[in-house]
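The values are calculated or read from the model by the stated rules, or taken from the named source; none is laboratory data. Keep in mind it's a predicted model, so treat the numbers as computed, not measured. For neighbour counting, all protein chains shown are included, and Cβ atoms are generated from backbone atoms with ideal geometry for every residue, glycine included. In case anyone asks, the SASA skips ligands and DNA or RNA and just uses the protein heavy atoms, side chains included. Shrake-Rupley method; radii C 1.70, N 1.55, O 1.52, S 1.80 Å.
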Amino acid sequence: MAGFQCPFCSAIMAVTPDTQTIRRPSFSFSDESPLLKGFSDSCLDISFYQCPHCKEYTILAKGIGSAVKDVNTAIRPQSQARKYPDYIPLAIRSDYEEASAILYLSPKASATLSRRCLQGMIRDFFQISKGNLFEEINAIKDKIPAEQWAVLDGVRRIGNIGAHMEKDINLIVDIEPDEAQKLIKLIELLLQQWYIERHNQQELFADIIGIDQAKQQERKKTE
Ligand SMILES: [Zn+2]
């Protein structure tokens with residue numbers, strides 16, 4: 001059964017008449033029927049999803065008339081990208097933001113950027129560089145918690161991603177939007193667990209050392 005992941009709360013919803021409505025407006029008609037011979041040349045396919053969990057609407061538009069085939073865009077939300085702090089390298093943040101921005105426009109290109117982002121994160125965070133992402137995921141097996149590695153290992157099994165990943169990072173494979181979305185979610189999880197938690201820990205340690213040094217200075221003065 002086809003599932004759709006809500007970009008607002010991440011819940012997976014079944015695609016049924018209760019959660020999805022499709023309207024097909026055009027220059028001449030307010031809602032064209034697929035039962036007619038064909039769609040007029042300006043006809044758009046607008047999919048409305050309402051999440052049963054958070055009730056938010058997700059709206060996607062696609063051109064199905066011959067003159068508007070270039071339309072394929074997310075109307076709401078326009079981008080699902082979160083904003084990350086500056087201490088995460090710019091190249092990683094840009095790949096992540098672009099992968100999010102083009103998720104619906106091109107799931108393939110989005111997944112390709114996500115794999116590059118993931119590779120950039122592994123190389124930067126663990127200071128390793130192997131021939132490809134497949135080997136790099138292997139190389140960090142004993143460097144991260146087992147459950148985290150199991151998630152990365154799981155990436156290999158999502159659809160076609162794993163089957164092709166060991167060959168070439170830039171290889172374009174067929175992929176569905178929800179598979180591409182899972183890659184983005186994984187990147188968000190690892191940005192949090194690697195970069196943000198390391199930064200918070202470093203800040204806490206620096207604070208504690210700072211307090212210790214200040215106390216020692218005070219002791220010296222009173223001695
Ligand atoms: Zn939701």
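Worth pointing out:
- The long axis of helix 146-155 is offset from the longest Cα principal axis of the chain by roughly 30 degrees.
- Accessible area in square angstrom per residue, the chain, 1.4 angstrom probe: 59 Å²
- Annotation: the chain has a Kirkwood hydrodynamic radius of 20.4 angstrom, from the mean reciprocal C-alpha pair distance.
- Highest-MSF residue in the chain out of ALA101, ALA11, ALA74 [GNM, Cα springs under 10 Å]: ALA11
- Taking the Cα centre of the chain as origin and assigning +1 to Lys and Arg Cβ atoms and -1 to Asp and Glu Cβ atoms, the resulting dipole is close to 100 debye.
- Any cysteine of the chain lacking a neighbouring Cys Cβ under 4.7 Å - listed by number: CYS43, CYS117
- Accessible-area composition of the chain, carbon plus sulfur, in percent [1.4 Å probe]: 53 percent
- GNM top mover of ASN138, ASN200, ASN72 - the chain, alpha-carbon springs below 10 Å: ASN200
- Under 5 Å between amide hydrogens, built in the peptide plane, is the criterion, and for GLY63 it picks out ASP45, VAL71, ASN72 among residues at least 5 positions away or on other chains.
- As a length-normalised measure over Cα pairs under 8 Å and 6 or more apart, the relative contact order of the range 3-76 settles at 25 percent.
- In degrees, nearest ten, helix 177-190 long axis to first principal axis of the chain (Cα): 10 degrees
- Average Cα contact separation per residue, the chain, under 8 Å, 6 or more apart, as relative contact order %: 12 percent
- Over the chain, dividing the summed -39,500 (n - 2.57) contributions of all DSSP H runs of at least 4 residues by the number of residues returns a 222 nm mean residue ellipticity of -13500 deg cm²/dmol.
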